[in-house]
Amino acid sequence: MSAPGESGREALNRVWAQPRGWRYFSEVNNTAVGLWYLAAGLGFFAVAGVLALLMRLQLAWPWMGFLGPEAYNQVFTMHGTIMMVVFAVPIMEAVAVYVLPQMLGVRDLPFPRLSSYGFWCYLLGGLLLLSSFLFGPVPNGGWFMYTPLSGPEYTPGLNTDFWLLGLTFIEISAVAACIELIVGIMKTRAPGMSLDRMPILGWAFLTVAVMILFAFPPLLLGDVLLEAERVLDWPFFDAGRGGDPLLWQHLFWFFGHPEVYIIFLPGAAMVSTILPTFCGRPLVGHQWVVVATIATGILSFGLWVHHMFAAGIPLLSLSLFSAASMAVAIPSGIQVFAWLATLWGARPRWDTPFLFVIGFLVIFVIGGLTGVMVASVPFDWQVTDTHFVVAHFHYVLIGGAIFPLFGALTYWFPLPSGRLMDETVGKWSFWLMFVGFNVTFFPLHVLGLLGMPRRVYTYPGGLGWEWLNLTATIGAFVLGAGVAVFFANLAWSWKRGRPAGHDPWKAGTLEWAGPTPLTDSGGASVPRVRSLHPLWDQPAEMAAAARGEALMCRPTTHGRETLRVSAVSAEPQQVIQVSGPGWSQVAAAAATAVMFGAGTFHLWGVAAAGGVVTLALLTRWAWHSDRQPPMARVDIGQGIVVPTYAADHSSHAWWAAVVAVLFDGAAYLALLSAYVFLWLVNPVWPPPPWEGRIALGDILAGGGMLAVAAVLAHAGAGLHRRGRHWALPAGLGGAVAVAVAVAWTGLSTLTAADLGPTRHAFPATVWVMALYTLVHLGVATLLALLVLARQAAGLVTPVRRMTVMMTVLAWDFAAFTGLASMAMLVLWPATGGGGGICTW
Amino acid sequence: MLQSALRTATPQAESLAGLWWLMLGLSVAVFAVVMALLAAGLLMPRRPPPGERVIMVGVGVTVVVLGGLLVHSTLVGARVAAGTDGDPLRVEVVGRQWWWEVRYPQDGAVLANEIRLPAGRPVEIALISGDVIHSFWVPGLAGKMDLVPGHPNLLRITPAEPGVFRGQCGEYCGTQHALMAFMVVVQPPADFARWLVGQGEPAAEPADGLAARGRALFLSSGCGACHTVRGTAADGRVGPDLTHVGSRLTIGAGILPQNVGTLGGWIANSQAIKPGNAMPVFDQFSGGELRAIATWLAGLE
C-alpha cells in the first residue's frame, strides 16, 4: 500500500529498495544478481588464469619438473573446463542479466527469482567442481572428457564424477538464463522498441539463448549417459558391448562448438555497442549485423564434426562440415566490415573501452584467418590437437570475448558504481594484455607446425621447441600482469574513481538514460522509444522520462512490476508483478547443491534427500507464483490502461513454459539421435537376444493409454475454463490414474523382455527412453497434484489458470515423447534388416 | 626438426604443407588489407561513413576467396586420403597406454615404438586401439589419424626417400600421453627387406657369458609375464615385444636412446623416467645384474 502523501518516485524506491546487511543476498533484482554473477565469474576467471600460468611454467623448457604428469593433466582439464563452462558462458549471461533490462528500458527480468536461483546454482556448482582440489580426485580427462578414457575402466576414481555432476549442476543456470533471456528480450521491452529498434546486444543474447536451448541438452544427455555407464555399467560408449566412443564426441561437440559462438556473439555485440558510441555515429549496416548474428548462430550447429576430422569419418561428410566451417567466416566478415565502415573517418575518442575494441579487431582477424585454415580438412589433419589449435582458439576466445568483455566492463562500470575506471591504469592494463597475449600465443602457431601436440606435460629437447615455449611463458606472465592491473583498477575505482555523472560516454542506448549509479528501481519512468538510439534521437523525451514523466512512474499494483509488450511491435500488453527479495531460491539452490554434492560421492541416500527437499522448496515456490493482483487493469500513464493478469498464449509465463519444453524436447531429440546412431554403428539392431521380445499389442496398448491420459488432461482443463470446476479434478485425476497404469504395465513389459541394461547398449538405450517417459509422467503427475491443491485453496480459477495450462503442456509433452519412443522401437529396427524388438 | 610438419618426405605430407603455404600467403594478404583499412579509417580526417554497399563488396570478395579455397582443400583432401597406386605394404599399429605395438602381419615381425618402411612403396597402416583413443601422427609423413576402439582406421602414405622421422600420439590418452612417441625409419628397399627378415626371426643366442646371465635373470625374474622374447619362454603380451629390442633406436616409447645404460636405468626405475607407465620398479637387481640384463637386451638385434 502506498503511504499517504507518498510520491510515485518514493513509492518506486520503496518497493524496489534493496535489503541491507546480510539480507542483501535475498535480493532477486537483476542489478544485484547481475553484479554477483559478474563478480563470481571474474573470480573463476582468476582461478583458471592461475592454472594457465602453472601450465606455462611447466612448459617453459624441456623436461621441467614443476608439475608432474598427473598434476598437469588435472590443471589443463580444469583450466579448460572452468574457462569455458564456469567463466565464459556464465559471464556473458551475467552481463545480460545486469545490463539488458536497463538497455531494453525495463526494470527487471520477467522471472527475477529464477535468475537468482540460476546464479546460486552456478556459484555452488562452480565451487563443487573446484572442491575436487580439496578432495583429491580432480577431473583429469580434458574438458572434452572423451570416452573411454573418462569411463569406469580407465578413470575409476571420482575425477570424472566431479566433472559430470558439477557441470550438470551449473547447467541449471544456463537453462534459467535461456528462459530469462528469450522471454525477457521478446516480451519485456520499453513500449515502441519494436524489433527493428532493438540494440544489437539484445539480438546477440536472443540468438545465444536460442543456441543454449538446443546446444546444452545434448551435453546434459551425454552427462547422464556417461554417469550411468560409470555407476551402473550401462555400456553406451563401450565398443565391446554395442556402444561407441564416438557417440560421446558427437554429443559433446554438438554442445561444444555452438558454445564457442555462445561466447563470441555477445563479445561481438559488445563491440557493436561500444564502437558506435566512441565514433559518435550509428553502426553502419545495423540490419546486416543482426542477420550476421543470427546466421552465425544457425551455422554454428553445422560445425561440430570439425573437431573430429581425424577420427576416420568418411571424407564426403567431412567436406560438408568443412564447407559450413568456412561459411561461418562470412557472417563474421560482415561484422568486421560493418565495424570498419563505422569507424571510417569517425575520429573516435581513444578511451580504454575503445582501445579494447581495436585490440579485439586485430586479434580476432588473426583468429578468424587461422579458423579458416583449420576448417580445411586436410590441413586440420596436421594441426588438430597441436599447439596451432591452442593458438587459434585463444586468438578467437581471448580476442573475440575477453577483450570485448574487458572493454565492456570498463564501459558499463559507471552503471553500478557511479564512477569511471582510471584511464591511465586502464591503458596500462590494455597494453600489457595486448602485448602479453600476442607474445604468448603467436609462437604457439609455429610450435604446432613444428609438431608439438597439445595436452603434453613435458617434451624432449632437440625438436626446435625450446625458445618458442620460453617466449610463450614470458608472454603469459605479461598477460597475467595486465589482467591483474585491470582487476586492481576495478577494485580501486569502485570507491575512488572519478564520478561519472550522466551518460559519460555520450551513448545512444537506454541504459544511460538515468543518472549513475543506477537507482534500485532502474529509472523513474519507462520511456516510449521511437529510435534505435533514443538518447541521440529523442533527448527531450528521455530527459522527461528520467524525471519520472513517462510510463509506469508509480507501482500501480503496489509491488515490483515490469511491462510486458507484444513480441514484435512492443505495444504494452500487461503489467507484470515480479518477485521481490526472499530466501526460497537460495534454500532451493542449497538443497540442489546437497543433491549434486552427495551424488558426486555416490552417497545416494543423502542425494535423494537433497532432491526431495529441492522438490519441496520448488513446490512451495510454485505455490506462490502465478500472482493475480487485485486490480484487474491499471493506468500506467499517458492514458494507457493494461491488464495485470493474463493466462493466454501471449503471456510471459506461457512463453517460459514453452521454452522449458523446447529445452526438454531438445534433450529428447538428442536421445533419439543417440538411439539412431547406435543402430547405425551396430551390424544387427536389436541384437539377436532381444529380437521379437515384446508383443506389438503391449506397445500399442501402452501408447493408447498415454494418448488417453493427455486427452483427459485436455478435457478437464477445457471444461474447467468454461466454469465446470469439477472437471479439473476429474480430468487430471483420471490422467494420473492412467499414468500409474502405464508405468506399471510398461515396467512389467520391459522386465519380462529381459532387457538387462548392462549386457548391451541396445537394452541400456531402451531403458533410458523408458525412464525418460516415466520421469515425465512423474513430473506431469506432480504438477497435476499441485494444480488440484491450488484449486482447493482457491488459487486456481477459470481465469487464473496459467498453472493449468502449464500442467496440460506437461501431459502433452510426456505423452508425445512416450509415443515417439514407442514408434521408434517398433518401426525403426524393422526397417534396418533385423527382426525388430516386436512380435507382429 | 625431426617432427616438423614442414619437413616432409611423402607426397601426402607435401600436399598438406603446400596447402599451409598457400593459406598462409592468403591470410597474410587479407590481414594486411584489413589492417590497412583499419589504420586508414582511424587516421583519416573526419568524414561521413560509407554506405552499406562496402559491406557487400567485402562479403563478395570473402565468398569468392573462401569458395576457391574450399574446392582446392577438398581436392587435396581426397588426393591425400586416396594414397598412391601400387602394391602396398601392410603394417598394423596398435596404440596402448602409452606405447605403440607395430606388426608386419605378412612377415610375423612384431616390435614396438618403431616403424621401418621401404622408400618408394605405398604403405597401408592399419590403426587399432588397444584401450582408449589415441592418434597416430608423424608430421613429416602424414596428418593425424585416430585410433578409436571399435573403429579400425587405415592411413595410406608413400615415403619417398630414406630418413628418420619422429611421431607422437596426437589425442590425449591419459597420464603419459606426452611421452607416447615413436620413430619411423624410411630405408632403401633392400635394407628394409633385410631388416624385415631379421625381425621375423627368433632372438639370437647370447653372445657371451654376461649376456647369458642376463637372459637367465630376465627369465627367472618374471619379466616374461609381460614381455615376449621369441625363441625363449618369455611370451607375455602386456608390454612390448623385446625379441629385437637391440635393433631399435629408442626405448620407453621414443623418449630415450637405446643402449646398455638407458636399458639398465629403465629396468631399475622406469617410474622415475615415465611416471605412471605400466612397468614396475625393479630395484632388487644389483648393478651387475642390471648390466647383465641390459647387455643381453642390447644384443638382441
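Results, tabulated for the structure shown:
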read-out: Matching residues, region B:174-190, being without any contact (Cβ under 8 Å) to a residue 24 or more places away in the chain and within 14 Å of another protein chain (Cβ to nearest Cβ); value: B:ALA178
read-out: Unmet criterion (only one of (1) over 11 Å from the mean Cα position of the chain (by Cα); (2) basic (Lys, Arg); (3) within 11 Å of chain A (Cβ to nearest Cβ)) for B:ARG156; value: (3)
read-out: Boolean, B:ALA193 is away from every other protein chain (no Cβ under 12 Å) and modelled with pLDDT of 95 or more; value: yes
read-out: Positions within region B:34-44 being facing another protein chain (nearest Cβ under 7 Å) and either of a type in the set (Ser, Thr, Tyr) or out of contact with any helix residue (DSSP H, G or I) (no Cβ under 8 Å at 6 or more places or on another chain) (or both), in sequence order; value: B:MET44
read-out: When residues of region A:99-149 are limited to those that are of a type in the set (S, T, N, Q) and within 14 Å of another protein chain (Cβ to nearest Cβ), the one surrounded by the most Cβ atoms within 10 Å (Cβ to Cβ); value: A:THR147
read-out: Verdict on A:GLY723 being surrounded by fewer than 17 Cβ atoms within 10 Å (Cβ to Cβ) and either touching a helix residue (DSSP H, G or I) at 6+ places or on another chain (Cβ under 7 Å) or over 21 Å from A:GLY702 (Cα atoms) (or both); value: yes
read-out: Counted residues, region A:496-531 - those being β-branched (Val, Ile, Thr) and surrounded by fewer than 20 Cβ atoms within 10 Å (Cβ to Cβ); value: 1
read-out: Any hit, region B:130-143, residues being outside any loop (DSSP other than H, G, I, E, B) and aliphatic (A, V, I, L, M); value: no
read-out: Residues being part of a helix (DSSP H, G or I), at the interface with another protein chain (Cβ under 7 Å from one of its Cβ atoms) and of a type in the set (Val, Ile, Thr) - total across region A:373-394; value: 1
read-out: Region B:45-57 residues that are facing another protein chain (nearest Cβ under 7 Å), paired with ones that are of a type in the set (Lys, Arg) (beta carbon under 7 Å, 6 or more apart); value: B:ARG46/A:ARG347; B:PRO49/A:ARG281
read-out: Flag for A:ARG620 being charged (D, E, K, R), surrounded by fewer than 20 Cβ atoms within 10 Å (Cβ to Cβ), in a helix (DSSP H, G or I) and modelled with pLDDT under 95; value: yes
read-out: Qualifying positions in region A:439-488 - under 30 Å from the mean Cα position of the chain (by Cα) and within 14 Å of another protein chain (Cβ to nearest Cβ); value: A:ARG454, A:ARG455
read-out: Output for region A:68-83, where each listed residue is among the aliphatic types (A, V, I, L, M) and either over 15 Å from A:ALA48 (Cβ atoms) or at the interface with chain B (Cβ under 9 Å from one of its Cβ atoms) (or both); value: A:ALA71
read-out: Helices (runs of 4 or more DSSP H) lying entirely in region A:94-190 (those with 1 or more residues that are over 30 Å from A:HIS652 (Cα atoms) and out of contact with any helix residue (DSSP H, G or I) (no Cβ under 8 Å at 6 or more places or on another chain)); value: A:112-130, A:132-135
read-out: Per-region count, region A:303-329, residues more than 7 Å from every other protein chain (Cβ to nearest Cβ), outside any helix (DSSP H, G or I) and in contact with a helix residue (DSSP H, G or I) (Cβ under 9 Å, 6 or more places away or on another chain); value: 5
read-out: Some residue of region A:369-391 being surrounded by 22 or more Cβ atoms within 10 Å (Cβ to Cβ), acidic (Asp, Glu) and over 21 Å from A:ALA472 (Cα atoms); value: yes
read-out: Search result, residues across region B:1-14 that are at the interface with chain A (Cβ under 7 Å from one of its Cβ atoms) and polar (S, T, N, Q); value: B:GLN3, B:SER4
read-out: Flag if A:ALA815 is of a type in the set (Gly, Ala, Ser), touching a helix residue (DSSP H, G or I) at 6+ places or on another chain (Cβ under 6 Å) and closer than 15 Å to A:GLY702 by Cα; value: yes
read-out: Qualifying residue in region A:330-353 (condition: more than 10 Å from every other protein chain (Cβ to nearest Cβ), among the small types (Gly, Ala, Ser) and not in a loop (DSSP other than H, G, I, E, B)); value: no
read-out: So B:GLY67, is it away from every other protein chain (no Cβ under 12 Å), more than 21 Å from the chain's Cα centre (by Cα) and not charged (D, E, K, R); value: no
read-out: Region A:150-201: number of residues that are within 14 Å of chain B (Cβ to nearest Cβ) and either surrounded by fewer than 24 Cβ atoms within 10 Å (Cβ to Cβ) or among the aliphatic types (A, V, I, L, M) (or both); value: 7
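Conditions (1) over 22 Å from the mean Cα position of the chain (by Cα); (2) aromatic (Phe, Trp, Tyr), marked per residue:
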| site | (1), (2) |
| --- | --- |
| A:PRO643 | yes, no |
| A:ALA647 | yes, no |
| A:SER651 | yes, no |
| A:TRP655 | no, yes |
| A:VAL659 | no, no |
| A:ALA667 | no, no |
| A:LEU671 | no, no |
| A:TYR675 | yes, yes |
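The values are calculated or read from the model by the stated rules, or taken from the named source; none is laboratory data. Here the structure is a predicted model, which is why all the values come from computation and not from measurement. Note that we place each Cβ from the backbone using ideal geometry, even for glycine, and neighbour counts take in every protein chain shown.
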